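Worksheet for the structure shown next.
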Amino acid sequence: MEAELLLKQILKTQPNHTEALKKLADAYAGSNRRDQAVATLRQLFKAQPQDVDTGNQLAWLLATSPVKEVRNGEEAVRVSEAVCKLTNRDNPAHLDTLAVALAEAGRFEDAVRTAEEALALADKKNDSEVASEVRTHLEIFKRRTPFHEPAP
């Protein structure tokens, strides 16, 4: 909490201080205040639309939050598509986020295709950790179900 107060003090005088915003978003997400994390990440991504890590984190939270009011599949898809475009669709974790977002938006066929693309890329890059996660998500999408993080 003390660190959070310090970050908020920094942001009062420097509202677009990127490192403070990132750390504050992480603090919010880590303490299950996903709505505040999403608001902070939106602000940060608006200020730095080339920041693929922030965009991916925002899209993930928008698509997977256990809190229905935080989820926004369409926005998650828009953000995630922008991230994948910036990385030339060459990052399997980002493609996985896009697949998760597509499923949240009810676009299950697109989610399956994108997850298969992510899996092929993860296998090509020998990224077994991402490949395992994508396989899990792919099976969920094939049942026409979105993936959500478990409630705390």
Scope segment 129-149; condition in a helix (DSSP H, G or I), over 18 Å from the mean Cα position of the chain (by Cα) and either buried (at least 20 other Cβ atoms within 10 Å of the Cβ) or in contact (Cβ under 8 Å) with a residue 24 or more places away in the chain (or both); matching residues:
Lys142
How many residues, within segment 50-71, are over 19 Å from Leu95 (Cβ atoms), touching a residue at least 12 places away in the same chain (Cβ under 8 Å) and either surrounded by fewer than 23 Cβ atoms within 10 Å (Cβ to Cβ) or touching a Phe, Trp or Tyr at 6+ places or on another chain (Cβ under 8 Å) (or both)?
5
Is one or more of the residues making up segment 104-121 part of a loop (DSSP other than H, G, I, E, B) and either small (Gly, Ala, Ser) or free of Cβ contacts under 8 Å to residues at least 24 places away in the same chain (or both)?
yes
For segment 1-65, list the helices (runs of 4 or more DSSP H) that sit wholly inside it and hold at least 2 residues that are at pLDDT 90 or above and under 20 Å from Thr97 (Cα atoms); which are they?
34-47, 52-64
Those residues that are within 16 Å of Glu81 (Cα to Cα) and either polar (S, T, N, Q) or crowded, with 20+ Cβ neighbours inside 10 Å (or both), I need them from segment 113-128; list them, please.
Thr114, Ala115, Ala118
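The values are calculated or read from the model by the stated rules, or taken from the named source; none is laboratory data. Quantities reported herein were computed from a predicted structural model and do not represent experimental measurements. We place every Cβ from the backbone using ideal geometry, glycine too, and count neighbours over all the protein chains shown.
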